[in-house]
Amino acid sequence: MKKILFISIAAIGLFSCGGNKEKDEVKVELKSHKDSLSYVLGAMNARTIVGTPDPNIDRLDLEDVAVGFSMNLNNNKPVDCEATLTKLFGPNFQDFDSTYAKEGAECLGKLTGYAFYQDLIKMDGLNQVDLKIATVGFRHGLLKKDTILADAQKQSLVQNFLKEMNEKNGLKMFAKAKKIIGAQLFENGIVMETVLAGTGGSPSATDDVKVEYILTSAIGDTIQSSYAMKKQSGSKDAVALKLNGGVIPGWTYIVPKMKKGGKYRVYIPWDLAYGDQMGRESLCFLIELVDYAKEGSFVKPQPPQMGVPQGN
C-alpha cells in the first residue's frame, strides 16, 4: 500500500465514480482549521482509490468502500483483506469476481483507513485530525461531492500541514542524531555519523563521485535505495553523480568530508535538501563513497542545447 498522506497535490480534481447506491446525504459543517484539514485529508485518501485508471474500481459499490474506511481508522491491521482483494481482482489484479465485490470493497476501505491512521501516528499528526470528519470527507471524495472547499484552499491546507509535520519531525530527527556518540556536527546543521571509516582520499566539491546510498525520511521510511534499484535493473555499477550542480546542496557540502571506501549516515536539514518544493522535509542518507574523480570523469557534460546561449 502506497503512503497515503504523500499524494501528489496534482491529484486534486481526479475522480471516477461507478454505479453506486445513494444513501442519505451526510452533512458536515467545517467550523475550524482542524475540521477543514480533516475533511480534505479524508477526501484526498478517496482519490487513491477512485483516481486510479483501473476500470474495475467502477464496479465496486463505493458506499461499501466508505464503510470499510470508517471501520478501520485504528491500529487493527485487516490481515485477511489482502487475500480478499486477490480473490476479487485475481492474482495479477486484472480480473473481477463479483462474488467478493462487497467484501472486497469494504476491505479496500479498511486497508486505506488503516494506512491513513498509521501515517498520522508516524507523523505525530493524529491530534490534528478529527477522524469523524475525515470519514465524511472520504465518502464525499469517493462520490465526487467534496465541493465544500475550493481546490486552492484544499491544496494550501495539505501543503501547510505537511510542512508543519515535516519541520517538527525533522527537529526530532536532529535531536536524536546529535546524541550519537562520535557524530560530527556542522555549522549549517548537517550531522554526519561515520559507520565505516574510509581509507582513501576525499573528493573536492567539483568532482564526480560513484556512490551507493539509502535515502530515508525523518520518520524512518525508506524513500529510495540504490541497492534496491540495482537489484531491480540487474546493474552492477554504483551511482555516478556530479557534486558540482548535480546533487542537493547538502551533498555538495558533506561528501567532500568523506573518505573513499567509507560509509556515512548523514542528516541533512530541509533547506540543504529539496527545500519548500518537497514540503521542507529533512532527510537522512546512508552513503557509501565508492570512488571519485575529476569533473566529467563519471558524468559526461551535456552538449549545448540549440537556442540556449552558453556562458564563456
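Read-outs: derived from the displayed coordinates by stated rules, not from any lab. None of these values were measured; they are calculated from a predicted model. As a convention, Cβ positions derive from the backbone with ideal geometry for all residues, glycine included, and neighbour counts pool all protein chains shown.
Quick notes on this one:
- ³J(HN,Hα) computed for each position of the range 263-279 - Karplus, 6.51 cos²θ - 1.76 cosθ + 1.60, integer Hz, glycine/proline x: 10, 9, 9, 10, 10, 10, x, 4, 6, 10, 10, 10, x, 5, 5, 10, x
- For the range 9-149: relative contact order, % (alpha-carbon pairs under 8 angstrom, 6 or more apart): 39
- Once C-alpha pairs closer than 8 Å and six or more residues apart are averaged by separation and normalised to the residue number of the range 117-195, the relative contact order reads 20 percent.
- Measuring max minus min along each principal axis, the C-alpha atoms of the range 176-293 give extents of 33, 30, 27 Å (largest first).
- Converting the Cα gyration tensor eigenvalues of the range 110-149 into ellipsoid dimensions via √(5λ) gives semi-axes, longest first, of 20, 12, 7 Å.
- Under the criterion of Cα pairs below 8 Å and six or more residues apart, the relative contact order for the range 176-293 equals 35 percent.
- Rough spin-label spacing in nm, given labels placed 7 Å along Cα→Cβ, for Gln159 and Lys178: 3.0
- With one equal scatterer per alpha carbon and no solvent term, the Debye-computed log10 I(q)/I(0) for the range 20-117 at 0.10, 0.12, 0.17 1/Å reads -0.29, -0.41, -0.78.
- Of the trypsin sites (Lys or Arg not before Pro) in the range 186-248, the ones in a loop by DSSP (not H, G, I, E or B) with at most 15 other beta carbons within 10 Å are Lys236.
- Over all Cα atoms in the chain, the spread is summed up by Rg and Dmax: 23.4, 70 Å.
- Axial C-alpha extent at least 15 Å, average Kyte-Doolittle at least -0.5 - helices from the chain (DSSP): 33-50, 101-122, 131-142
- Compactness index (Cα Rg / 2.2 N^0.38 Å), the range 38-197: 1.31
- GNM flexibility winner over the chain from Lys144, Lys31, Lys163 (Cα, springs under 10 Å): Lys31
- Pairwise centroid distance, computed over Cα atoms, of the range 83-120 with the range 185-205, Å: 46
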